[in-house]
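S.K.: This is the structure I have questions about; it appears just below.
Readers should treat all values here as calculations from the given coordinates under stated rules, not as data from a laboratory. Quantities reported herein were computed from a predicted structural model and do not represent experimental measurements. Note that we place each Cβ from the backbone using ideal geometry, even for glycine, and neighbour counts take in every protein chain shown.
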Amino acid sequence: MRGDPGGRRAESPDPRRVARVALGRGAEFDLIRRFLGPETPLPQGVWVGPGDDALVLDDGLVLSSDLTVEGVHFRREWLSLVDVGYRAAAAALSDLAAMAAEPLAVLLSVAVGGDEPEREALEVQDGVRQASRAAGAEVLGGDLSRSPGPLVLDVVVVGRTSRPVLRTGGEAGDELWVTGWLGGSAGAVDLWSRGREPPEALQQAFRRPIPRIREALWLAGRLPLKALIDLSDGLGGDAGHLAAAGGVAVLLEEKAFPLHPALADAFPGIEERRGLALYGGEDYELLFAVPPGLVEAKAEEFTATFGIPLTRVGRMVAGEGVWKEGPQGEPIALKRGGFDHFEGGGGG
């Protein structure tokens, strides 16, 4: 199978160190590659450099930041300011889940405008604090500014792990599994954008996503996770990052996708629901690669513990890019990745 490999992961001289993790295709990630420029050696004290969900330092500290912009990631008519803060923090904390790291602290920088900037800042802060405490962290700093236009939040998260799970370890033959349900958040955005009121369950998927931190730690403690990512850009786009990082291809099984149960009434067509899962983004579930035949024995216990399913959605194979199984089992290349800020796509 051939596709856009997005580059290959370069090995650092120290086998513990990963100087740069290859990104999948897309205009946004092409721009990131230009930002990064030619690869340079990692500074002393850095374990994992650019390209994964977070930076990892040699002492096991894990750092990531996530930006939320009004009019790009949300509209005020869709959710409260408390929900804005909660959602922004949850998205950032999900990057720690993607490394199987335990949260320690959150830093919030926010630029607010309007006639009541103090009230807006406090409501946003309340949402960030709620999400942080639910994940076991505290808001310990940040920055505050006025904005002449949209509300802007930048959330920095700090975690710790002695064994980060990267995007880079997947190999041909590994199975791909996903936690929870897919497409709910994108379904809400689609309906809102068309002037329709989404079912409450879809609204909740968008407003109050759950960073799967406890789930990631549980899985990492019981299974030999070889590659891990959170689903922020859609299953198709984020599977492409795992493929590029591991130097393999991904073959997805659409019939197996765990589609959010509340999608069925609003989106009667199965292909439309599968498209929301593939391209919509912002589910913040976990996609991980493991050797075959190991997850089934843990799936029932996982569901009993967390109340969500574990579903095998595909496998890694030799080649490049992301593919899906056709009607006769033939591989069909995905025409695009997931949500992309610099080209057309779904998501919020």
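S.K.: What order do you get for 187-195, 248-256 when each peptide is scored by the mean count of other beta carbon atoms within 10 Å, highest first? Walk me through the intermediate numbers first.
M.R.: Working: 187-195: 19.1, 248-256: 21.0.
Averaged packing, sorted descending, gives the order 248-256, 187-195.
S.K.: Fewest to most neighbouring Cβ within 10 Å: what's the order for Ile210, Ile229?
M.R.: Details: Ile210 23, Ile229 29.
Fewest-to-most Cβ neighbours within 10 Å comes out as Ile210, Ile229.
S.K.: Mind giving me the nanometre distance, one decimal, between the label points for Glu253 and Asp265, set 7 Å out from Cα along Cα→Cβ?
M.R.: A separation of 3.1 nm, rounded to one decimal place.
S.K.: Follow-up question, since we're still on this one. How large are Rg and Dmax for the range 39-116 when calculated on the C-alpha trace, in angstrom?
M.R.: 15.6, 48
S.K.: Based on the mean of other Cβ atoms within 10 Å per residue, sort peptides 218-224, 169-175, 80-86 so the most packed one is first. Before the final figure, lay out the partial values.
M.R.: Numbers: 218-224: 16.0, 169-175: 18.6, 80-86: 21.7.
Ranking, from highest mean packing down: 80-86, 169-175, 218-224.
S.K.: Next question. With a 10 Å Cβ neighbour count serving as the proxy for reagent exposure, in which order, fewest first, do Leu153, Leu217, Leu55, Leu176 appear? It would help to have the intermediate numbers written out before the result.
M.R.: Details: Leu153 28, Leu217 15, Leu55 18, Leu176 25.
Ordered from fewest to most neighbouring Cβ atoms within 10 Å, Leu153, Leu217, Leu55, Leu176 come out as Leu217, Leu55, Leu176, Leu153.
S.K.: Here is a follow-up. Arrange the following residues from fewest to most other Cβ atoms within 10 Å of their Cβ: Glu325, Glu102.
M.R.: Details: Glu325 16, Glu102 19.
Fewest-to-most ranking of Glu325, Glu102: Glu325, Glu102.
S.K.: Which aspartates and glutamates, if any, have their Cα less than 14 Å from the Cα of Lys255, not counting same-chain residues under 8 positions apart?
M.R.: Answer for Lys255, where 14 Å is the Cα cut-off: Glu271, Glu272, Glu325, Glu330, listed by chain and number.
S.K.: From the list [x] 43, 23, 16; [y] 29, 25, 19; [z] 36, 25, 16, can you say which value of semi-axes √(5λ) of the Cα gyration tensor in Å was derived from the structure given?
M.R.: Of the listed options [x] 43, 23, 16; [y] 29, 25, 19; [z] 36, 25, 16, [y] comes from this structure.
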